[in-house]
1. So is Glu61 in contact with a helix residue (DSSP H, G or I) (Cβ under 8 Å, 6 or more places away or on another chain) and of a type in the set (D, E, K, R) or not?
2. If I ask for residues that are surrounded by fewer than 16 Cβ atoms within 10 Å (Cβ to Cβ) and closer than 29 Å to Asp284 by Cβ, which ones from region 432-476 would you list?
3. Output the residues belonging to region 389-404 that are open to solvent by less than 10 Å² (accessible area, probe 1.4 Å) and under 18 Å from Ala116 (Cβ atoms).
4. Output the residues belonging to region 209-236 that are over 26 Å from Ser309 (Cβ atoms) and open to solvent by 60 Å² or more (accessible area, probe 1.4 Å).
5. Which of (1) among the polar types (S, T, N, Q); (2) under 27 Å from Phe363 (Cα atoms); (3) part of a helix (DSSP H, G or I) is the odd one out, the single condition Asn131 does not satisfy?
6. Just to verify a result, which residue in region 323-351, among those that are small (Gly, Ala, Ser) and not in a strand (DSSP E or B), is least open to solvent (accessible area, probe 1.4 Å)?
7. Check Gly74 against each of (1) within 26 Å of Pro252 (Cα to Cα); (2) open to solvent by less than 30 Å² (accessible area, probe 1.4 Å); (3) part of a loop (DSSP other than H, G, I, E, B) and name the one condition it does not meet.
Amino acid sequence: MDFGDVKKLSGLSPFELKDALIQVASQGDRLMLNAGRGNPNFLATTPRHGFFAFGEFAMTESERSFVYMEGVGGFPQREGIEARFEIFTKANAGRPGVRFIEAAVSYVRDQLGLSAGDFIYEMCEAILGCNYPVPDRMLRLSEIIVGQYIHKEMIGTHPFVGRFDMYAVEGGTAAMTYLFNSLRENGLLEPGDTIALGMPIFTPYIEIPHLNDYQLIEALIDAPSENGWQYTKKELQKLLDPKVKAFFLCNPSNPPSVKISDEVLGDIADIVKQRPDLIILTDDVYGTFADDFRSLFAICPRNTILVYSFSKYFGATGWRMGVVATHEDNVLDHQIAALPEAALKELDARYSSITTEPRRLKFIDRLVADSRTVALNHTAGLSTPVQAQMVMFSLFCLMDEPEAYKHAMKRIVKRRKEALYRELGLPLSADPNSVSYYHLLDLQEIATQMYGERFGAWIVTQLQPNEALFRIAEETGIVLLPGRGFGGKHASGRVSLANLNEYDYANIGRSLRKLASEYFARFEQQSGKARRSSDPAVSAVVVKPQKAAKAKGGKKK
């Protein structure tokens with residue numbers, strides 16, 4: 001591999017650069033391992049068993065109709081469905097998932113105070129996928145149940161006044177797409193406006209604002225590694241600038257995977273008191289891997305849009321499921337209402353086909369309509385079987401009072417991180433705010449810990465962008481993503497701790513250590529030459545070999 005070629009690739013998004021890295025890693029007969037993407041190799045089985053068991057019951061309900069027709073069923077019938085469900089669970093006791101759905105119905109009835117019959121009917125119709133999503137924003141009981149899960153994981157015991165609305169979407173990526181679009185369509189973000197990005201951050205948040213669709217100016221709010229990946233008060237002061245319309249961030253961060261500390265949450269809350277007009281979008285996909293997590297949605301609910309995806313925690317990237325949440329009293333609705341009359345008339349015309357009172361339409365309902373170009377609002381909504389599985393995931397965690405699943409997930413990623421550092425031969429620093437789903441491998445920091453500050457400063461002057469990543473791909477078949485693409489340093493790589501086995505992370509550690517040791521040998525050689533050339537007593541000895549090398553047409557590097 002000619003590392004000079006990597007210069008041509010340095011401008012690519014990390015998710016596009018991965019294709020070149022995969023090509024290098026796939027050379028020969030060895031197995032290529034992609035540690036760049038965040039797709040976990042673990043998943044939650046119990047709620048999936050529950051989904052399929054509920055599906056079997058739903059099929060029996062459908063087949064009660066049109067019995068005289070082969071292969072044709074009908075809609076489930078609400079009357080008597082609770083009794084039929086009890087008969088089904090007793091007849092199938094011991095089969096995978098049956099005990100779970102039996103407990104889920106009991107929990108919905110006894111702990112959430114909802115109608116068991118209505119819940120069973122909603123799940124049957126949802127799993128069968130026999131009707132459009134009604135309501136289109138989210139199924140009625142599903143929104144309540146998933147809302148309980150979101151409250152538990154994102155808000156916890158923090159005092160929270162009022163209710164919040166949710167929109168079920170096709171994962172966090174759909175949430176981002178819809179939000180950027182609706183913020184623009186409703187005049188909340190316009191070309192030339194400034195938005196703040198909490199750095200490092202998921203790459204698309206950096207890339208999307210530059211598109212012709214938005215043409216936004218970015219102000220970067222840095223959370224440096226030397227500050228434990230926490231925003232400093234000095235950086236947060238940038239948010240006081242009235243030109244900054246919105247603050248987008250990932251919490252826990254991506255890729256360092258460090259949650260915002262309670263102290264910094266308080267600092268941001270103080271900023272919001274001074275900037276009550278500030279819009280915050282918090283992407284909290286990895287919050288469920290943290291202990292005692294609190295979202296900015298809990299701290300500043302009026303100003304904050306919450307994005308959450310079920311993909312990573314439940315190993316459900318293929319399901320494409322997530323939610324957007326906004327408080328019932330939010331700055332978005334207030335800012336839309338305060339737009340100039342001319343802008344309001346334009347929005348009246350935009351939404352007039354779906355409501356006779358466009359000005360009373362909440363931002364989150366505008367989000368639903370905009371996701372289907374307004375005219376197709378009547379067919380909006382997330383696939384109902386996906387919503388049903390989302391409910392199963394939510395109930396699984398709501399009923400898991402000892403949080404056994406959460407502890408198991410945290411143990412998996414922590415052991416993998418320990419294996420990586422064990423082979424690096426470096427201590428693994430303890431950070432109570434670290435989530436460890438991803439990890440940012442800073443080659444300068446690693447080199448400094450191994451051989452000292454002078455070497456650490458020197459090595460970053462020698463490495464071309466992404467060179468270390470191509471070396472690792474070539475030598476081990478393992479793909480990492482460049483940290484620079486997430487707003488990190490160029491000599492760094494994002495490693496997902498979720499999608500490989502422990503020995504694979506040990507291989508990454510060994511490869512990095514070998515790379516650092518090779519560069520250290522070069523560093524010592526160059527340092528020795530520099531010392532000899534500066535000594536008059538030996539300068540003549542040094543010059544002659546260099547001239548000889550040039551005479552042969554060679555040039556040492």
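The values are calculated or read from the model by the stated rules, or taken from the named source; none is laboratory data. On a predicted model such as this, the values are computed, not experimentally measured, just so you know. Here the Cβ is made from the backbone with ideal geometry for all residues, glycine too, and neighbour counts use every protein chain on show. Heavy atoms of the whole protein, side chains included, go into the accessibility calculation; ligands, DNA and RNA do not. Shrake-Rupley method; radii C 1.70, N 1.55, O 1.52, S 1.80 Å.
1. Taking the combined requirement at face value, the residue satisfies it.
2. Pro432
3. Result: Val391, Met392, Ser394, Leu395.
4. Asn212, Gln215, Ile217, Glu226, Asn227, Lys233, Lys234
5. Condition (3) is where Asn131 drops out.
6. Step by step, filter region 323-351, then rank; the result is Ala343.
7. So the condition that Gly74 fails would be (1).
Let's see how each residue does on (1) on the phi < 0 side of the Ramachandran plot; (2) open to solvent by 20 Å² or more (accessible area, probe 1.4 Å); (3) outside any helix (DSSP H, G or I):
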{"position": "Val495", "(1), (2), (3)": "yes, no, yes"}
{"position": "Ala498", "(1), (2), (3)": "yes, no, yes"}
{"position": "Tyr505", "(1), (2), (3)": "yes, no, no"}
{"position": "Gly509", "(1), (2), (3)": "yes, no, no"}
{"position": "Arg513", "(1), (2), (3)": "yes, yes, no"}
{"position": "Lys529", "(1), (2), (3)": "yes, yes, no"}
